[in-house]
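A short write-up of the structure that comes next.
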Amino acid sequence: MEHMSKSLKKLQSRPDFKDRYNDLRKQVLNDPDVQAFITNHSSEIESGMIDRSIGKLYEFTNQSKNCKKCPSLSQCQNLLQGYHPRLMIVGRMIDVQYDKCPTKETHDERKKHESLIKSMYIPKDILEAQFHNIDVDVEETSRLKAIGIAQDFVEEYNKGKRPKGLYLYGSFGIGKTYILGAIANELASHRVSSMLVYVPEFMRELKGSFQDSSLDEKLEAVKKIPVLMLDDIGAESVSSWMRDEILGTILQYRMLENLPTFFSSNFNLKQLQHHLSVSQRGEEEPVKAARILERIKHMAIPIELIGKNRRG
Ligand code: ADP
Ligand code: MG
């Protein structure tokens, strides 16, 4: 510690140095953590070691340990933010080593977790949904069933299997997106990366970026993410291009590569098929819609969510 040795030098040049030094020494030796260290290492601590190391020991006593003195990471008062000191014997000295503090550990862990869940146009609160705090009323058997299958999915996925996803359908506000968020979180805590995509906005944006390369990048990301969740499919207005070139391409790729995919929709499968068969211009293309539906059925187990509206 540069400033420490400087202030010690300054101290040494003053006539009352001895008194001040003794005060400092007393303060250091009164510190319960220092005392514990000395007791635990009594056999290794030789005479003079404490006096030689008084600067380091003083530095140690002034830092927060186990985040006790810091309200948060950004208000960490230690020399090195997010790191707390530990005493150790190095040669004939006691030295201070810095380790990541518990708050920083948690913070870094959370950052890693967040980086595993990618999302496009999904509200933040949904991304915090967890299986263990999903509210379930006793009579809501469909919600229980969906959660059960979702939990099985994560378990099987972790064993290296590639089980089917879910096609969650039901009315607005029933909690479909919420369950998808909980699955994403559960996967992230097992280090599996997933992506939640709000389909109507995704399609709108793709239309806007038709001419530029960001379209390809977005499509590639959605195609290749280990676990994909297509939220609110059917709420978009359909064009043949979106259905065949975008949705069709994504599903085709994921099916062949065996990459699990989840869906949520206000429509059941039959209604979705009808929705996809009539384009904005009123053209009917039932065969193309049927082809998309075939893929969805191949990839996901349909479950209707019934129960109370969770919105509001
Ligand atoms: P949907 O996607 O079916 O329209 P959401 O998943 O957006 O419905 O849920 C609607 C609202 O209710 C959201 O604000 C969500 O956070 C909340 N919510 C959904 N499911 C639950 C639940 N099981 N327990 C508590 N809140 C929930
Ligand atoms: Mg939703």
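The values are calculated or read from the model by the stated rules, or taken from the named source; none is laboratory data. Model, not experiment: these values are computed from the prediction. Note: ideal-geometry Cβ built from the backbone for every residue, glycine included; neighbour counts use all protein chains shown. Surface accessibility is based on the protein's heavy atoms, side chains included, excluding ligands, DNA and RNA. Shrake-Rupley method; radii C 1.70, N 1.55, O 1.52, S 1.80 Å.
Couple of notes before you dig in:
- Filtered residues of the range 117-136 (kept if open to solvent by 30 Å² or more (accessible area, probe 1.4 Å) and either in contact with a Leu (Cβ under 8 Å, 6 or more places away or on another chain) or among the aromatic types (Phe, Trp, Tyr) (or both)): Lys118, Ser119, Tyr121, Leu127, Val136
- Every listed requirement among (1) under 22 Å from Lys270 (Cα atoms); (2) in contact with a His (Cβ under 7 Å, 6 or more places away or on another chain) is met by Asn158 save one, (1).
- Within the range 203-228, the set of residues being open to solvent by less than 70 Å² (accessible area, probe 1.4 Å) and under 16 Å from Phe262 (Cα atoms) comprises Ala221, Val222, Lys223, Ile225, Pro226, Val227, Leu228.
- Filtered by the rule that a residue be more than 9 Å from ligand 1 (Cβ to nearest atom) and not in a helix (DSSP H, G or I), the range 172-201 gives His190, Arg191, Val192, Ser193, Ser194, Met195, Leu196, Val197, Tyr198.
- Any hit, the range 159-171, residues being open to solvent by less than 50 Å² (accessible area, probe 1.4 Å), within 16 Å of ligand 1 (Cβ to nearest atom) and out of contact with any Phe, Trp or Tyr (no Cβ under 8 Å at 6 or more places or on another chain): yes
- For the range 129-144, a tally of residues being at pLDDT 85 or above and either under 15 Å from Phe262 (Cβ atoms) or among the acidic types (Asp, Glu) (or both) returns 2.
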